[in-house]
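Here's the structure we're looking at; comments come further down.
The values are calculated or read from the model by the stated rules, or taken from the named source; none is laboratory data. Note that this is a predicted model, so its numbers are computed, not measured. FYI the Cβ positions are ideal-geometry reconstructions off the backbone, even for glycines, and counts take in every protein chain you see. For accessibility, only protein heavy atoms count, side chains too; no ligands or nucleic acids. Shrake-Rupley method; radii C 1.70, N 1.55, O 1.52, S 1.80 Å.
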There are 2 protein chains.
Amino acid sequence: MPTLKPRKRPKQQRSRETYDAIVAATTRVLKREGYEKASTNRIAEVAGVSVGSLYQYFPNKQALVIAVVERHSDQLIAMLERTIADLGAAPIPDAVRTFVRAMLAAHALDPQLHRVLVQQVMHIGLEHTRKFDRRAQQLVRAYLEAHADEVLPDDYDTAAFVLCHAVDAVIHMAVLESDASAAKLEDGTLEREICALVLRYLLGSAD
Amino acid sequence: MPTLKPRKRPKQQRSRETYDAIVAATTRVLKREGYEKASTNRIAEVAGVSVGSLYQYFPNKQALVIAVVERHSDQLIAMLERTIADLGAAPIPDAVRTFVRAMLAAHALDPQLHRVLVQQVMHIGLEHTRKFDRRAQQLVRAYLEAHADEVLPDDYDTAAFVLCHAVDAVIHMAVLESDASAAKLEDGTLEREICALVLRYLLGSAD
DNA sequence: TACAAAAGCGAGCGGTCGCTCACATTATAA
DNA sequence: TTATAATGTGAGCGACCGCTCGCTTTTGTA
């Protein structure tokens, strides 16, 4: 297993711009041409930089992709934490609706990139791709524990695991498909149904 | 888009064995070495066959992988249909438990292969990889419609979509992770919790 | 046994890929 | 200004890839 950390840290303004251009180009190429076409030569070309420069800051292709993955999932996590921060006091139905909306918003942030990363890049950095999942589970688990006496499930770990993956997968599949389920994303059908799933699991009724 | 159908149909016993050996070798290499290492030369070598022979029956690498995908998902579908066939009359809690068990069994059939196909091969034949999902949705939809008056959701398409993807994703993630959630697979924790999720969504209570 | 069809072979072609390295250019410090 | 470090360049190496094609071997048929 080769190192994944940058070979060299950008010290001057110029090189910081190069570094950013490379990450941006990787994102662009992944989105527009897919993982298989995303050769390092192609990425360097799109970044307006030589391959040599690329390899000054990234030891290999994997590190390049991981940088993109981390940047993306950090954004998602930040968004989730922002909208969920002060939810501890809210009544459960409100909290669930907010949570589901946050998950929907996360998938809407950059659906194209999200799709490529999940479909084609998952195997590169499993650890990195699932940072978001893990953080979501932590947040849900904490919430469930704080509302232990209002909530049916008593195994919070398992409940958080089940809930997060269920919600994530349903949203993800809806984003992937371009046909009917996209419509259910537009109008509130899917949101309503996911909330019902979660609420009935937690309370036995969807209010 | 190149053709994906075999170039030549095996007519003699000998060639049918070659054909099968190639598909089996593809499966083995995918499982043991992953998609990236699964070159056609390597597959031919493992099959004990020359590359030339391989290309007599498969027009390109994609066709090879699709053959494996279809064989696997046909097995899953057959298994699902067998255990679900005469479930129309069963009370809902029993039916749900049977369905969830069938999904668990499907993922237990060849977890390694399932994992590689979902993680690394999804983008090759989206249409083919999701045959199983689509069939499961059809079956669930039909069941819901037949029990319309006993069940809370009234949009059967959406409900089937949500249920199948939720159940599938939770099981899939549990199979992927090698740590704690594997234990929840062994003892009945996960099965019980997934049943609860589905039952409360359908009935409002898990009985 | 003779012969055509079917099946099997594998060196190697044309191409792409990840990545290196000897060198050129630009910024910083003395 | 000049020495030194930081940054940037791109031709091209070695490895591997998917795939072809001229050829040999095996099989079914007469």
Expected output for the stretch B:105-116 (first residue surrounded by fewer than 16 Cβ atoms within 10 Å (Cβ to Cβ), partner modelled with pLDDT under 95, Cβ below 6 Å, 6+ apart or cross-chain) is B:111/B:175
Those residues of the stretch B:11-38 which are more than 14 Å from chain A (Cβ to nearest Cβ) and within 12 Å of DNA strand D (Cβ to nearest atom) amount to B:11, B:12, B:13, B:14, B:15, B:16, B:17, B:18, B:26, B:29
Which of the residues that make up the stretch B:9-59 are over 23 Å from residue B:110 (Cα atoms), out of contact with any helix residue (DSSP H, G or I) (no Cβ under 9 Å at 6 or more places or on another chain) and not in a loop (DSSP other than H, G, I, E, B)? B:13, B:14, B:16
For the stretch A:195-205 the number of residues that are at the interface with chain B (Cβ under 8 Å from one of its Cβ atoms) and open to solvent by less than 40 Å² (accessible area, probe 1.4 Å) is 5
Among helices (runs of 4 or more DSSP H) entirely within the stretch B:92-138, at least 2 residues that are more than 28 Å from residue B:64 (Cβ to Cβ) occur in B:92-109
Scan the stretch B:149-174 for residues that are touching a helix residue (DSSP H, G or I) at 6+ places or on another chain (Cβ under 8 Å) and open to solvent by 40 Å² or more (accessible area, probe 1.4 Å) and report the count. 6
Taking the condition of being more than 8 Å from chain A (Cβ to nearest Cβ) and part of a loop (DSSP other than H, G, I, E, B), how many residues in the stretch B:139-194 meet it? 8
Determine, yes or no, whether residue B:36 is within 16 Å of DNA strand C (Cβ to nearest atom) and either without any contact (Cβ under 8 Å) to a residue 24 or more places away in the chain or open to solvent by 20 Å² or more (accessible area, probe 1.4 Å) (or both). yes
